[in-house]
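What follows is a set of notes on a single structure, which appears directly below.
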Amino acid sequence: TLCMHLLIVLTCQAYEKTSSEERAKTHWLRRFTFGDFLYGICWCVFFVLPQKPDSGAGFLEFQFATLLIVVAMNTMQSATLPRALVAGTLPITLTVAINFLLAADSIHYTLAAMAVGAQGFFLILANQLIKNANTMLEYRAEKDYLKSLNPGTRQCQHGKVSSARKKPGKQFFISTKQ
């Protein structure tokens with residue numbers, strides 16, 4: 001899992017070093033999606049490791065807690081690439097849910113349903129995160145456009161618009177908060 005994480009980090013560094021035209025190509029999306037899929041498969045291996053007889057009754061519950069942490073972490077990292085998010089989290093969720101269903105106990109059936117529900121929740125959360133990010137980018141673009149229309153206008157510290165040309169001769173403290 002750590003080696004796969006290192007591979008993803010190296011892929012991200014290679015992506016950052018490429019030109020803007022090269023970044024727009026779809027092969028990068030496929031690389032990130034495939035990398036997240038392999039990362040999810042690595043976590044699946046953890047979940048299918050054989051359970052020792054003396055591991056105790058809480059082993060499957062520990063797996064459930066680990067599932068929640070891994071899927072939450074993956075959601076935050078891959079929210080901007082929905083395909084990569086699904087490719088990285090769905091194998092983990094299915095593996096854990098199948099393990100719970102094979103345990104053949106009512107609590108484990110409930111945990112399997114909760115694992116599938118958590119997957120759905122994190123997909124909805126990722127969808128909201130990307131919508132919010134896109135909305136913020138739209139607002140930023142609109143703000144930059146409006147600034148370009150009137151370059152003498154700046155935003156003061158308290159958020160009101162002030163013009164440096166209003167009262168020539170007087171100095172104003174204008175914060176250029178971006």
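The values are calculated or read from the model by the stated rules, or taken from the named source; none is laboratory data. Please read all numbers here as calculations on a predicted model, not as lab measurements. Every residue, glycine as well, gets a Cβ built from its backbone with ideal geometry; the counts of neighbours run over all protein chains shown. Ligands, DNA and RNA are stripped out before the accessible areas are found, and what is left, the full protein with its side chains, is counted by its heavy atoms. Shrake-Rupley method; radii C 1.70, N 1.55, O 1.52, S 1.80 Å.
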Heavy atoms of L123 accessible to a 1.4 Å probe, total area in Å² rounded to 10: 60
Label-point gap, in nm, between L125 and M76 - each point 7 angstrom along Cα→Cβ: 0.9
Nearest-0.05 FRET efficiency for K52 and K147, computed from C-beta distance (R0 41 Å): 0.05
Rough spin-label spacing in nm, given labels placed 7 Å along Cα→Cβ, for R31 and T1: 2.5
Cα-projected label distance for S106 with A65, points at 7 Å along beta-carbon direction, nm: 2.4
Net charge of Cβ neighbours under 14 Å - reference I8; Lys, Arg +1; Asp, Glu -1: 0
Per residue value of the accessible surface for segment 1-111 (all protein chains in place, 1.4 Å probe), Å²: 60
Area of M136 that stays accessible when all protein chains are in place (1.4 Å probe, Å², to 10): 120
13 Å beta-carbon shell around L38, net charge (K/R +1, D/E -1): +1
Gain on full stretching of the segment that runs from Y139 to E22 - 0.36 nm per residue minus C-alpha separation: 39.5 nm
Solvent accessible area, Å² - E16, 1.4 Å probe, full protein context: 130
Isotropic mean projected area of the C-alpha convex hull, segment 21-92 (nm²): 4.9
